[in-house]
Structure formats: structure tokens, C-alpha cells
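Q: Before we start, here is the structure in question, set down as C-alpha cells.
The values are calculated or read from the model by the stated rules, or taken from the named source; none is laboratory data. It should be emphasised that the depicted structure is a prediction, and the values quoted were computed from it without experimental measurement. We place every Cβ from the backbone using ideal geometry, glycine too, and count neighbours over all the protein chains shown. The protein model used for the area step is the full one, side chains on, heavy atoms only, and it has no ligands, DNA or RNA in it. Shrake-Rupley method; radii C 1.70, N 1.55, O 1.52, S 1.80 Å.
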Amino acid sequence: MTAFPFQLVQRDEPAALMQACSHHLEQCLQQRLSEPNPRPLGLATGRTMEPLYAALVARLQRWPQPQLQHLRRHWLSFNLDDYVGLEAGDPSGYFSYMQKHLGQHLGLGPEQLCLPQAAAADPQVAAEAYQQRLAAAGGVGVQLLGLGSNGHVGFNEPPCGAEMGCRVVQLSAATRAQNAGLFGGDPQQVPQTAITLGLKEILEATEIHLVVTGSGKAAILQKLLNEGPSAQLPASWLRQHGRVWLWVDRAAMG
Ligand code: GLP
């Protein structure tokens, strides 16, 4: 019997889970401000993150103004991924998502909320540039992750090895269907490719927070909890990290 690979935090209701998780993130942000060379944050998108960002924003807006300004000045985050071909201002893209859920509430500029240049003429070059930019910033410190229904993290679709780095990926039909909400509900409107940080960059983070909510994730979460590391379940490589928190609500636990 191997030891449980994650630090499990479970709450019955998603709202209570988001309170607990945002409290931990708030403490990470406080800590980061006191470090001489803090690593950037690693941020995720998706529906799971929306109430988490709302809870975090509410906490941060209660900070005294000087402390909040300090946070704003020193903010640097790298998102996991974005769709190839969407302009930065496209309402379906993740730049708009990040501005809507975080940036505009905290007063963060585009140079502080980094995403891959998804609209670049050559996405492969953009992926390499993004990887280099992250490496130059020291690699990710605290990494937030959601879980795809097929076990992806970021846009690392199965099969995917732990050594895979930032790159252009083909999105599966399942992922395009899962993410159709931001595209008027039509999976055909979801781009077929994306730029994503790989498991390589994710596993180099100092600590990782995987947030999983809702009954729709119960089946894949059970797989993650019961199966060993494999390319068929990209999130399973997190078992090898050693500092992964798993934040779950009752519905996801099944
Ligand atoms: C998306 C994103 C991931 C996200 C995951 C879960 O495809 N690329 O970063 O965490 O899938 O999304 P959701 O929270 O909407 O279920």
C-alpha cells in the first residue's frame, strides 16, 4: 500500500472549499511579498476557478491599501494555456477570462498576467518564447490546476508523458465539448489547437494546488486516486511531485 500522494482538503460545499483554498492562496501571496526573488504564480482557467478567483479577490480587496498596492506592483503570474488563433481581446480567450475574473478587480496589467501569445503567426515559436519567458522568471512557484474530464491538466491531453514541455497541442473532441461554454455552446467553434505549459513545467513548481469540484469530475477523480502514474491520465504525474494539495468538494468525491 503506497502512501496517499496528495494533501487532501475536503469540504461538503464548493463555497466552503473555495473559502479554504482562497485562504491558503492569500497566505501564499503574503509570503511571496516577503521573499527577495519570488517565483511567479501559475494560474489556471475554467469554470472551477471562477468561484475561487472571486473568493480570492474578495479577500485581497480587504487588505489595507498600501499592502494591496505592494501586491499589485509585485504581481507576476503565468497562465497554463490558451487557444491558438484567438486575439488577446477575444471574449472566448483566456486573456479576457483572466481580466474578467482577476485582473480588472486587482488592477493588474497584461505584462503581469502572462499568457502564451496565442494569436502569433507561428504558435510553435510562441510556445518556445513562453517557455523561455517563464524560465527567465525562475519557473512557477505556486501552481493552481483544474482537472479536465479526461484527466488533462492545462491542455496536456492524454496520452502525455511527464517530460513533455511547453508546446502546441491538438485538443480532443472531449475537451472541445467540455469547453464549448465560452464559445456559445458549440464545440465546433472551439479552436482545435492550443499552447500549453507541459507536465515538465508544472512538475517544476514549488507547490501545486489541484482543485476539483462537482459530480461531473467524480469518475476521473476516482481514477486519479486509484491508479498509478501513466500517460493515459496526465494528472497522475502529479503523484510524483510530493507537494500537491488536492482540494475537493463532496460531489467530486462521489
Ligand atoms: C480546461 C483548461 C484547464 C482547466 C480544465 C478544467 O480545458 N485548459 O486549465 O483546469 O480544463 O476546466 P473546468 O474547470 O471548466 O472543468
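Q: Summing -39500 (n - 2.57) over the DSSP H runs of n ≥ 4 in the chain and dividing by its residue number, what mean residue ellipticity at 222 nm do you reach, to the nearest 500 deg cm²/dmol?
A: On the way: 9 runs with 85 residues, N = 254.
Per the formula, -9500 deg cm²/dmol.
Q: Still on this structure, please answer the following. In percent, what relative contact order does the chain have, based on Cα pairs under 8 Å that are 6 or more apart in sequence?
A: Values: 485 pairs, mean separation 63.3, N = 254.
Worked out over the chain, it gives 25 percent.
Q: Can you tell me, using C-alpha contacts under 8 Å and at least 6 residues apart, the relative contact order of region 56-158 as a whole percent? Mind showing how you got there, number by number?
A: Details: 92 pairs, mean separation 25.5, N = 103.
Dividing the mean separation by the residue count of region 56-158 yields 25 percent.
Q: Hey, another quick one. What number, in percent, do you get for the relative contact order of region 110-182 if the mean sequence gap of Cα pairs under 8 Å and at least 6 apart is divided by its residue count? It would help to have the intermediate numbers written out before the result.
A: Numbers: 43 pairs, mean separation 19.1, N = 73.
Answer for region 110-182 is 26 percent.
Q: Here's a follow-up. Shape call for the chain from the C-alpha gyration tensor, a ≥ b ≥ c root eigenvalues: rounded (a/c under 1.5), prolate (a/b greater than b/c) or oblate?
A: Numbers: a/c = 1.33, a/b = 1.06, b/c = 1.25.
Cα axes put the chain in the rounded bin.
Q: Would region 187-244 count as rounded, prolate or oblate if I go by the C-alpha gyration tensor, calling it rounded below 1.5 in a/c and otherwise prolate when a/b exceeds b/c, oblate otherwise? Please list the in-between numbers first.
A: Working: a/c = 1.81, a/b = 1.19, b/c = 1.52.
Oblate, because a/c is 1.5 or more while a/b does not exceed b/c.
Q: Got a sec? What order do 223, 217 fall in by accessible area at 1.4 Å, biggest, i.e. largest, first? Mind dumping the intermediate values first?
A: Numbers: 223 90, 217 25 Å².
Largest accessible area first, the list is 223, 217.
Q: Continuing with this model, one more query. Between residue 170 and residue 3, how high is the FRET efficiency from 1/(1 + (r/R0)^6) when r is the Cβ-Cβ distance and R₀ = 35 Å? Nearest 0.05. Please report the intermediate quantities before stating the final value.
A: Values: r = 35 Å, r/R0 = 1.01.
That gives a FRET efficiency of 0.50.
Q: Let me ask another. Starting from the Cα-Cα distance between residue 28 and residue 112, subtract it from 0.36 nm times their residue separation and give me the gain in nm to one decimal. Each step should come with its number before you reach the end.
A: Values: separation 84, 0.36 × 84 = 30.24 nm, distance 1.73 nm.
Between residue 28 and residue 112, full extension yields an extra 28.5 nm.
Q: I'd like the carbon and sulfur percentage of the solvent accessible area for region 17-126, probe radius 1.4 Å, heavy atoms only, ligands and nucleic acids excluded. Walk me through the numbers before you get to the answer.
A: Working: 2600 of 4900 Å².
Whole-percent figure for carbon plus sulfur exposure: 53.
Q: Place a point 7 Å from the Cα of residue 20 along the Cα-to-Cβ direction; which residues of region 179-222 have their backbone N under 14 Å from it?
A: What the label zone holds, given the 14 Å backbone N cut-off, is 210-214.
Q: Starting from the coordinates of the alpha-carbon atoms of region 40-106, obtain the Kirkwood hydrodynamic radius over all distinct pairs and give the value in Å to one decimal. Provide the component values of the computation, followed by the final result.
A: On the way: mean 1/r = 0.0777 Å⁻¹.
It is 12.9 Å.
Q: Just to verify a number: what accessible area does residue 152 come out at with the full protein assembly present, 1.4 Å probe, Å² rounded to tens?
A: 10 Å²
Q: Considering only protein heavy atoms and a probe of 1.4 Å, how much of the accessible area of region 189-253 is carbon and sulfur, as a whole percent? Could the numbers behind the result be given before it?
A: Working: 1100 of 2310 Å².
Result for region 189-253: 48 percent of the exposed heavy-atom area is carbon or sulfur.
Q: Using a Förster radius of 30 Å, what is the FRET efficiency between residue 240 and residue 149 based on their Cβ-Cβ separation? Nearest 0.05, please.
A: Efficiency, rounded to the nearest 0.05: 0.85.
Q: A further question on this structure: Region 1-117: D in µm²/s via Stokes-Einstein (Kirkwood Rh, Cα pairs, 37 °C, 0.692 mPa s)?
A: Numbers: Rh = 15.5 Å.
In µm²/s, the coefficient is 212.
Q: Rolling a 1.4 Å sphere over the protein heavy atoms, what is the accessible area per residue of region 48-102, to the nearest Å²?
A: Numbers: 2350 Å² over 55 residues.
I get 43 Å² per residue for region 48-102.
Q: Rounded to the nearest 10 Å², what accessible area does residue 9 have for a 1.4 Å probe in the complete protein model?
A: That residue has around 30 Å² of solvent-accessible surface.
Q: With a ≥ b ≥ c taken as the square roots of the eigenvalues of the C-alpha gyration tensor of region 1-64, please select rounded if a/c is under 1.5 and otherwise prolate if a/b is larger than b/c or oblate if it is not? Walk me through the numbers before you get to the answer.
A: Values: a/c = 1.89, a/b = 1.20, b/c = 1.57.
Oblate, because a/c is 1.5 or more while a/b does not exceed b/c.
Q: In addition: Please report the accessible area of residue 227 (heavy atoms, 1.4 Å probe, ligands and nucleic acids excluded) in Å², nearest 10.
A: 70 Å²
Q: Given points 7 Å out from each Cα along the Cα-Cβ axis, report the residue 61 to residue 74 separation in nanometres with one decimal.
A: For residue 61 paired with residue 74, the spin-label model returns 2.4 nm.
Q: Which value, in Å to one decimal place, does the Kirkwood hydrodynamic radius take for region 103-254 when every pair of different Cα atoms is included?
A: 16.4 Å
Q: With a point put 7 Å past each Cα toward its Cβ, work out how far residue 132 is from residue 223 in nm, to one decimal.
A: 3.6 nm
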